[in-house]
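The values are calculated or read from the model by the stated rules, or taken from the named source; none is laboratory data. Predicted model only: the values in this text are computed from it and were never measured. Every residue, glycine among them, receives a Cβ derived from its backbone with ideal geometry; neighbour counts consider all protein chains shown.
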Amino acid sequence: MAKIDETRPFKPVHIAVMTVSDSRTEANDTSGQALVDLIARDGHLLKARTIVKDEQAAIVAQLKAWIADPEIDVVISTGGTGVTGRDVTPEAFESVFEKKIDGFGELFRWLSYEKIGTSTIQSRAVGGVANATYLFALPGSPSAARDGWEQILKLQLDNRLRPCNLVELMPRLNEHLRK
């Protein structure tokens, strides 16, 4: 079973938070604020935060800017993962992925099922990698943001998690570019 190895020193990662919404502002962005608070509480560094309209081109432009920034290790978004006509976050993320992390969405829905039952099929949470940057898209509710962080990302972004974690892989994410 996975556990934290307290004998290893913790290494904070640099995280950017994107809220995808046509109506949220910084004043009422409860999901984005929940992520910001959890990231800080758990010792990681918030490098950027923004709210982007639920438009694929705007989401892709922000993702590309952040994955080009060597100071950002991880991007976490909240919102736009549903099935309505305006929900385009998964399509935007998948258009920039070099590799998809299928297990992220699968695990999020499995964990979510215990809380909301079959309604979890409406979530299209996704994860992947682009330019050595991890990208994760969570649903827009504060509860979903907290669950995604507490039950998956907090653990996988802790270099002390055994038997393995995503942080250990960071130096190797661009191996395909080295010759």
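Picking from A48, A58, A16, which residue would you name as being more than 16 Å from V74 (Cα to Cα), touching a strand residue (DSSP E or B) at 6+ places or on another chain (Cβ under 8 Å) and of a type in the set (A, V, I, L, M, F, W, C)?
After applying the criteria, what remains is A58.
Looking at D37, D22, which one is modelled with pLDDT of 95 or more and either farther than 17 Å from F93 by Cα or of a type in the set (A, V, I, L, M, F, W, C) (or both)?
D37
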